[in-house]
Structure formats: C-alpha cells, structure tokens
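Chemist: The structure's right below; bear with me while I get my questions together.
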Amino acid sequence: MNDEHISSAFDRDLEAIQAEILKMGGLVEEAIMKATVSLETHDSELADEVCNADASIDLLEEQINQEAARVIALRQPAAVDLRVILTVLKIAANLERIGDYAKNMAKRTRVLSQLTQINGATASLRRMAREVERMLRDALNAFIMRDSIMANGVLVRDQDVDQMYNALFREFLTFMMEDPRNITPCIQLHFIAKNIERMGDLVTNIAEQVVYLVTGTLPDDARPKMDLTSMELEVIPQSK
C-alpha cells in the first residue's frame, strides 16, 4: 500500500471521527437546551427525554474512543495527525461530562416543581445556560475550522458565565436569609447554577484543546476563577 493511499485512508477515518464529534456535540447542545426549558416550564416529560438521551451521548463517546484507537493502531499517524486524534478524544470526554451535568439539571425539574418558586431564578439560569450553549457551539466550530482566535474568544466569555454564577449565588443567599422556607428551593437552584458553571469550565477545556491543536501550545492559565460558595455558605440560616 503506497503512502498516498495510506494518507487518503487516514483522512477518511479522521473525517468520520470528526463527524461523530459534531453529532455528539449536537446532542449535548440539545440536552442543555431541553434541560433549561424543562426547568423553566416544569416539564417533567422533557426532563425525562434529557435523562434518557444521555445514553446516546455516552455511546458516541465510546464509539469515538474505539475508532480513534483503531486509527492509531492501523494508520500509525505522524505526530501532527496524532495530535488531532488526541484532541478528539479529549473533546469527546468533555462533551460526555457536559451531558452528565445537563442530565443532573433535568433530574431536579420534578423536585423544583413541588417547591416554593423563586421569582426570576429560572430566567437567570436560562440566560446562563444559553451562553454556555453558544460557547459550546463556537468551540466546536473553532475545532472544525481550526480557528484559535474563535477558541480564545470562548475562553474570555467563560468569565461572563462565572460572573452570572456568582450573582445568582448572592441572590439565592439573600432569599434564604430572608425566609427559611426558601432554603430548600434555593439550594436546588444553586446546584443547577453550579452545574451550568461547570459546563462552562468544560467548554473552556474544549477551547483550550483547539488552541493547542492549532498553535502547538496551550493558552496561559490566566482566567480568574472565583467561587463564592466556599466563603459564604456558612452564613445560610439553618432551617428549623
């Protein structure tokens, strides 16, 4: 088998793996969207769809891992091509974890529908989740287009998600201090906000891998992370 034929076969394999990554990314974006809508509308059936669809996301990750291992074994890719495959594996792992967080969001829909409603909370969570969803779409587009500038833009936007999370946490804290009956729903809402914030972190992991793929170096770890929960949770009043 000549080198040209080997290269052509590798390119086809790589295109197939990248197509699976895009399919997986589409499922994860849909999971975030549906989990957010189910939260806002208290739609337990839609939440169940998110939970059930997580198996498809997990299966795709497994298929990508198997296909990547096969390509490495059969094609013995050069260093540059190997970097592409390793990037794909890391992206798939991050997508799977984002899907898990979307599933966790959906699981809380039934619980929250039976609790005291916190005015404005679901709308704020929706804005936060939609920003993460847009970041994910841009990170995947950056991967396909090998666009490190777009990927770096995703990294910067994660600070906006962190700020939304911190603002929400302060808001929940205020509600809990005003009325102990708000403690349980606010804790549930805080868990969801934290899930979304962690999704944003995983999206930045994807963007960082794109930067590495394109430039050969990881971006400087200069993104400030500020989690207020460790400092402020101790002031939450205890329910009686």
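Chemist: So if I place +1 on the C-beta of Lys and Arg and -1 on the C-beta of Asp and Glu, and nothing else carries charge, what would the dipole magnitude of region 93-161 be about its Cα centre? I want it in debye, nearest 20.
Modeler: 340 debye
Chemist: Under 1.5 on a/c is rounded, so check that first for region 8-235, then, if it is not, pick prolate when a/b is larger than b/c and oblate when it is not; a ≥ b ≥ c are the square roots of the alpha carbon gyration tensor eigenvalues.
Modeler: Here region 8-235 falls in the prolate category.
Chemist: Of the trypsin sites (Lys or Arg not before Pro) in region 138-229, which ones lie in a loop per DSSP and count no more than 14 other C-beta atoms within 10 Å? Intermediate results must be reported in sequence, preceding the final value.
Modeler: On the way: sites: R146, R157, R170, R181, K194, R198, K225; in loops: R146, K225.
When the trypsin sites (Lys or Arg not before Pro) of region 138-229 are filtered for loop state and at most 14 Cβ neighbours within 10 Å, R146, K225 remain.
Chemist: Counting only heavy atoms of protein chains, what accessible area per residue, in Å², does region 8-235 have with a probe of 1.4 Å?
Modeler: That works out to 47 Å² per residue.
Chemist: Here's a follow-up. Return the carbon/sulfur percentage of the accessible area of the chain, one whole number, probe 1.4 Å, all protein chains in place.
Modeler: 51 percent
Chemist: About its Cα centre, how strong a charge dipole does the chain have in debye, to the nearest 20, once Lys and Arg get +1 and Asp and Glu get -1 at the Cβ?
Modeler: Working: 26 positive and 39 negative charges, 104 e Å.
Approximately 500 debye in magnitude.
Chemist: Now, a different point. Helix-derived [θ] at 222 nm for the chain: sum -39500 (n - 2.57) over DSSP H runs of at least 4, divide by residue count, nearest 500?
Modeler: -29000 deg cm²/dmol
Chemist: Quick one: how many lysine pairs does region 8-235 have with C-alpha atoms less than 18 Å apart and a gap of 8 or more or different chains? Give me the count, please.
Modeler: Close lysine pairs under the 18 Å cut-off: 9.
The values are calculated or read from the model by the stated rules, or taken from the named source; none is laboratory data. As the structure is a prediction and not an experimental result, all values here were calculated from the model. Reconstructed Cβ throughout: ideal geometry from the backbone, glycine too, with neighbour counts over all protein chains shown. Note: areas computed on protein heavy atoms with side chains; ligands, DNA, RNA excluded. Shrake-Rupley method; radii C 1.70, N 1.55, O 1.52, S 1.80 Å.
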